Amino acid sequence: MGTELHFISANFGKYDTSSIGSYMSIGGFEALRKAVTMDGEDIAKIVAAAKIKGRGGAGYDMGRKWTQARAVKGEHKVVICNADEGEPCTFKDRELIKQDPFNLIEALIIAGWVVGATDAYIYMRAEYACLRQLLLNAIRQAKSYGFLGKNILGKGFDFDIHLYSGAGAYVCGEGTALIRSIEGKAGRPRMKPPFIKVSGLFARPTCVNNVESLSIVPHLLLDQEGVYMHAGTPDSIGTKMVSVAGNVRNPGVFEIPFGTTVRDIVYNLAGGVPEDRQIRLIQFGGASGYIADASILDVPYTYDDLEKAGVNVGTGALLVIDERTSVLDFLTITQDFFSDESCGQCTPCREGNRHMRMLIEKLRRGEADTSDIEKMKKITRIMPMSSLCGLGEGAQHAMIAAMRVFPEVFDVGGAANE
Amino acid sequence: MSKEEKKDMVNLTINNIPVSVPKGTKILQAAAKIGINIPHLCFHPDQRIKAHCRICSVEVTGKRRLLAACSTEVWEGMEVHTDTPIVRDTQIGILQLMLADHDRDCLTCPRNHNCDLQELCSRFNIQVPDFPSVVEHHDPISTNPSIVRNPDKCIKCGRCIRQCKDVQGIEALTYASRSADIRVTTAFDKPMEKTDCVLCGQCTLVCPTGALVEKDDTDRVLDALQDPSKHTIVQIAPSVRVTLGDAFSYKPGEIVTGQMVTALKLLGFDKVFDTNFGADLTIMEEGHELLDRIQNGGTLPMITSCSPGWVNFMEKHFPRCIDHLSSAKSPMSMFGAVAKTYYAEHEKLDPKDIFTVAIMPCTAKKFEAARPEMGRDGYQDVDAVLTTREIIKLIKYVGISFDKLNETEFDSPLGTGSGAGAIFGATGGVMEAALRTVYDKLTGGETMDKLEFHDVRGFDGIKSADVELPGRTVHVAVAHTLKNARKIMEEVQNGTSPYDLIEIMACPGGCIGGGGQPVSTTNAVRQERMKALYELDRKLPIRKSHENPDIQTLYKEYLGEPLSKKAHELLHTTYHKVKKPFDYDK
Amino acid sequence: MLTEPKEQEALSDELRAKIDLVLESHDNDFTQIVGILLDTQDLFERHYVPQAAAYYIASKLPVPASRIFDCLTFYAELSDKARAKYPIEICSSIACHVNNNEELKETLEKLLGIHVGEVTYDGRFMLLKTTCFGACDRAPAVRINGKVYGNLDSEEKVRDLLESLN
């Protein structure tokens, strides 16, 4: 009941994050030493067997991604660590970098080994600038210990890690936008094809992974007892870093085995709602996630179960909102977020977000009629259907779910008009 | 079809109609093959695909989301549907969203009846706007003689940005900001002329709406035409006769010289002359300047100066290389100078009573005509420049049925042009024209058998050739678009340029692809126009500038020799470095 | 106080030298323009990239001024307009919203005597709204020059924070 399982976060608090020696004293870089004795494909298979889905939110099968990245022909492949963590209420990657920076460096080198890359780029959001020195130090030390640079561990493997900073743009979490940002442009997504895996950063074959996804790998390679494989459920294997915020007594990051109920997460780990107020809604996976009401509390936190309940794991964020905030207030703030963060390039997202914001305001003022609700529905259809990138696709998820879960909010007397 | 070819074909269905297209084809082109025009706005056939506007979203069986037809490659067995409830809902929805952020004063828009957005509204039968207008009204930005920006009409498709960056390599235009605040603008929102912009007008050529248009001078011209005290002269650039027909249902590249002259007469011009005459004059001066530079150790390579977008580029981006520019004025400006001096004297007219109009393929020509160097005694040599697009408007204004007009000849004495003048409108044309004359001059009368220099013809970005002239091999290069010009200029700046003479045209294809041409201009159309100009050249009895009898008379009666003092006064000019917002020399 | 360059004045030699150092620290690599602009911004007391600096960078790197302007207006962390010595960015996203960021905003407005979007008369403070910066576990929070200050749930804490800034 409501216990954490520290697998990905096993090193948290166990070593001095500024010292590679300290990291090595708890077994640091053993996974890398093991990895370089293995065929990359076998590592990708281990990742695939653990059914790790991308932890940045999109949920793409990571083992498959690595196998595909290996298969792409081309020189100077690149691995990118997406540390842009821009989804509101998501701060698990922050903790992973802050409390275990060397594990991330180790994971990236393993990723480079697996896909046959020569360079890695960590793209970290500007908001985490305070972690920059920590990572730069870790990279520097790894280099001086020969874990980075030329001929790593005598395997003829050359690899370097570069740290890039974002400058405050949520959309840069999207792969192509992130790449444009590193290339020195405004981070507006581009159309695909060409796909990143074939032509990504500086037109090189590129494999993008989230901080958490990567962080699992060193632990998984050394997991002799199969702790990870035995945790969770058959379809959602292992553990997940979840960040819980909003109206809870004890907001924070927790590592849970898949299958823990939402109630356990919210009430036992995060301490429940202050003053025992009722839950109005919970949003899963950040601002682009779906929402549910309190009926979701007894659903086990797995990919399948959440999906059946109409929400997604996404980034692993849980935003708990109590009865003091209305559904429309929540939707307003969420819409404000997307209306600020759309890159503005494609019509459905730029204009859809703008008009949705105006329509919500009209509804709040009690001035909306059924034709306005129709327009809202139209925008919720058009944006996910036709936007250029994932931002426009996800921006109306909260609204779509709200229309389903809280239909009364949108009842403006339509029935009276027959 | 061979087996090999078959392997590279992809079979799909569009609206249940089977179609077979080469691998790599996009849905948009596959649909066009069976006669379906999927709506599109940000797509332009000559540009990199952007997939911003999303209006081309179509349904593909098995796909959760709609796919953009402009950017999605077809695959074997693909089933595309371009007209389903969800496609209609989406396409019309996107159009409605776009309209809410578009100033809908179509009736008074320069692009009325010639606007991609308007056409889509008509096609989709948009009668009632769905969403409230969110346009914040700005005044059009009209601070230079060439281009007007109207941000309220911009649909953020990015075509202008791509043209400016990918074709011209200038990047004067950019997106700025994000979300609903995104806008197409210049660095720090400065007026275009105060940026890296050279006013070439390629952005106006690709804008699907009225957001970027030429500065309209039609009223000024009509005023002059209706002013009885003015003697009105019009000159027409070489390329316009093969582009004007576009607006009157002619095939691309159709030669409409005769109808054009008739139309201008009907408009009321007193004299209809030919810029080709000016082009021949330019060759006389520029050709002799080259010989002078070669023989007397002048600055080489010498670079042509007829393209005003290119001249602006030089002054802004390579000011240290200004000495390489030929001091010869452009054909338009030479013509203007001759019209207000030689012709005025000839006809006993006060130059101040002459109003000269130039019909040009170019927005930068408006800027050139306004340069203080291009006039004397308080008057300008060219009083108004109209782009091809503007003369089309005037022809329509007068109510002329262009295609029913008889053909008329140009007036005399400034109405004769050689074949060399005719090909000025295509990239490589000035070079070829110059070579024809320079050769003859070098041999001192012996004429060259070879008239056509195929090495400098065609659509390649940079062409070069070694031409054997008596006593010397001349290394020449021809470039079009400013992106290619930059490559050439970097060599010139480094002192590593191997050439003696370089022709540069700012616009793709040369003037036939100029920024003032009809908006139907694409690279495929440019090729047709190019063919037409060489066809004109081939058919003309006189194909060398120095053999033009009117040119010979002009020198005999008025100018004396090429590069004479009089010629220098009237036909040559100077250039200046343009001050930047903050001048930090690299 | 550092003197700010006047709008249309070219940069002083001193500032140029400082920007040269920034460029060098980024290997004069134009693809690092975003990082270069972030560092340049810190050279100016009011945390922005003045036009004179933008054009200077454009003259040193193969990056046109237009692209610099695009970056300055696209990224929230960058600004082409003068801000303040301490731009106070109040998180307006949902976790802070449900933890009373409205009250925090009002407290700041009251204590500083300015509204969101305004700068104090001495150019020291500016109030701005920003989207989530990942400190939801410390809501309500503000960020000042990259540093996060969380759990600002009383006037006293806000006052202490402002007094700590000098």
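The values are calculated or read from the model by the stated rules, or taken from the named source; none is laboratory data. On a predicted model such as this, the values are computed, not experimentally measured, just so you know. Here the Cβ is made from the backbone with ideal geometry for all residues, glycine too, and neighbour counts use every protein chain on show.
Quick notes
- Some residue of segment B:202-217 being of a type outside the set (Asp, Glu) and without any contact (Cβ under 8 Å) to a residue 40 or more places away in the chain: no
- Close contacts from segment A:47-61, counting a first residue that is free of Cβ contacts under 8 Å to residues at least 40 places away in the same chain and a second that is of a type in the set (Val, Ile, Thr), with Cβ to Cβ under 7 Å and a gap of 6+ residues or different chains, come to none at all.
- Apart from one condition, C:Gln32 fits all of (1) farther than 18 Å from B:Ala187 by Cα; (2) more than 8 Å from every other protein chain (Cβ to nearest Cβ); the exception is (2).
- Some residue of segment B:28-41 being within 19 Å of B:Gly158 (Cβ to Cβ), within 9 Å of chain A (Cβ to nearest Cβ) and of a type outside the set (Gly, Ala, Ser): yes
- Screening the candidates A:Gly86, A:Gly40, A:Gly54 for the property of being away from every other protein chain (no Cβ under 14 Å), of a type outside the set (A, V, I, L, M, F, W, C) and crowded, with 19+ Cβ neighbours inside 10 Å yields one hit, A:Gly40.
- Some residue of segment B:383-394 being β-branched (Val, Ile, Thr) and assigned to a loop (DSSP other than H, G, I, E, B): no
- Take the conditions (1) touching a strand residue (DSSP E or B) at 6+ places or on another chain (Cβ under 8 Å); (2) under 25 Å from A:Thr332 (Cα atoms); (3) surrounded by fewer than 21 Cβ atoms within 10 Å (Cβ to Cβ); C:Glu103 misses just one of them, which is (1).
- Within the set B:Val492, B:Val519, B:Val478, B:Val474, the sole residue that is more than 30 Å from B:Arg389 (Cβ to Cβ) and outside any helix (DSSP H, G or I) turns out to be B:Val474.
- Residue check, B:Lys165 within 25 Å of A:Arg357 (Cβ to Cβ) and within 14 Å of chain C (Cβ to nearest Cβ): no
- Residue within segment B:48-58 that is assigned to a loop (DSSP other than H, G, I, E, B), more than 8 Å from chain A (Cβ to nearest Cβ) and surrounded by fewer than 24 Cβ atoms within 10 Å (Cβ to Cβ) present: yes
- Segment A:369-388 residues that are touching a residue at least 24 places away in the same chain (Cβ under 8 Å) and facing chain B (nearest Cβ under 9 Å), paired with ones that are among the charged types (D, E, K, R) and part of a helix (DSSP H, G or I) (beta carbon under 8 Å, 6 or more apart): A:Ile382/B:Asp89; A:Ser387/A:Glu393
- Residues that are within 14 Å of chain B (Cβ to nearest Cβ), acidic (Asp, Glu) and over 23 Å from the mean Cα position of the chain (by Cα) within segment A:305-359 comprise just one, A:Glu351.
- C:Glu45 more than 7 Å from every other protein chain (Cβ to nearest Cβ), farther than 14 Å from B:Phe582 by Cα, surrounded by fewer than 19 Cβ atoms within 10 Å (Cβ to Cβ) and not small (Gly, Ala, Ser): yes
- Segment B:67-77 - residue that is part of a loop (DSSP other than H, G, I, E, B) and under 40 Å from the mean Cα position of the chain (by Cα) and, of those, nearest to the other protein chains (Cβ to nearest Cβ): B:Ser71
- Residue list for segment B:181-203, restricted to those being part of a loop (DSSP other than H, G, I, E, B), of a type in the set (A, V, I, L, M) and within 10 Å of another protein chain (Cβ to nearest Cβ): B:Ile182
- Elements of type helices (runs of 4 or more DSSP H) contained in segment A:353-414, each with 2 or more residues being closer than 17 Å to B:Leu95 by Cβ: A:370-386
- Residue match in segment A:284-301 (condition: surrounded by 20 or more Cβ atoms within 10 Å (Cβ to Cβ), assigned to a helix (DSSP H, G or I) and within 14 Å of chain B (Cβ to nearest Cβ)): no
- Residue satisfying all of: in segment B:68-86; of a type outside the set (Ser, Thr, Tyr) and buried (at least 20 other Cβ atoms within 10 Å of the Cβ); nearest to B:Ile391 (Cα to Cα) among these: B:Cys70
- Test result for B:Cys160, touching a strand residue (DSSP E or B) at 6+ places or on another chain (Cβ under 8 Å) and assigned by TED's automatic domain parsing to the domain that holds B:Gly210: yes
- Residue within segment A:119-128 that is more than 14 Å from chain C (Cβ to nearest Cβ) and either in contact (Cβ under 8 Å) with a residue 12 or more places away in the chain or surrounded by fewer than 24 Cβ atoms within 10 Å (Cβ to Cβ) (or both) present: yes
- Hits in segment A:190-225 (condition: within 14 Å of chain B (Cβ to nearest Cβ) and part of a loop (DSSP other than H, G, I, E, B)): A:Arg190, A:Met191, A:Lys192, A:Pro193, A:Pro194, A:Phe195, A:Val198, A:Ser199
- Which listed residue, of A:Gly392, A:Gly414, is of a type outside the set (Lys, Arg), modelled with pLDDT under 95 and either more than 24 Å from B:Asp181 (Cβ to Cβ) or not assigned by TED's automatic domain parsing to the domain that holds A:Gly314 (or both): A:Gly414
- The set of residues in segment A:167-184 being without any contact (Cβ under 8 Å) to a residue 60 or more places away in the chain and at the interface with another protein chain (Cβ under 7 Å from one of its Cβ atoms) consists of A:Ala167, A:Gly168, A:Ser181, A:Glu183, A:Gly184.
- Among the residues examined, B:Ser239 qualifies as touching a residue at least 40 places away in the same chain (Cβ under 8 Å) and buried (at least 18 other Cβ atoms within 10 Å of the Cβ).
- Selection from segment A:167-189 of residues that are under 16 Å from the mean Cα position of the chain (by Cα), assigned to a loop (DSSP other than H, G, I, E, B) and within 21 Å of A:Ala203 (Cβ to Cβ): A:Glu174
- Unique match (being in contact with a Cys (Cβ under 7 Å, 6 or more places away or on another chain) and either surrounded by fewer than 23 Cβ atoms within 10 Å (Cβ to Cβ) or of a type in the set (Val, Ile, Thr) (or both)) among A:Val244, A:Val248, A:Val227, A:Val211: A:Val211
- Residue identified as surrounded by fewer than 24 Cβ atoms within 10 Å (Cβ to Cβ), assigned to a loop (DSSP other than H, G, I, E, B), out of contact with any Gly (no Cβ under 6 Å at 6 or more places or on another chain) and not small (Gly, Ala, Ser) among A:Lys98, A:Lys65, A:Lys45, A:Lys73: A:Lys73
- The residues of segment B:287-326 that are within 18 Å of B:Thr473 (Cα to Cα) and buried (at least 24 other Cβ atoms within 10 Å of the Cβ), listed by number, are B:Gly287, B:Leu290, B:Met302, B:Ile303.
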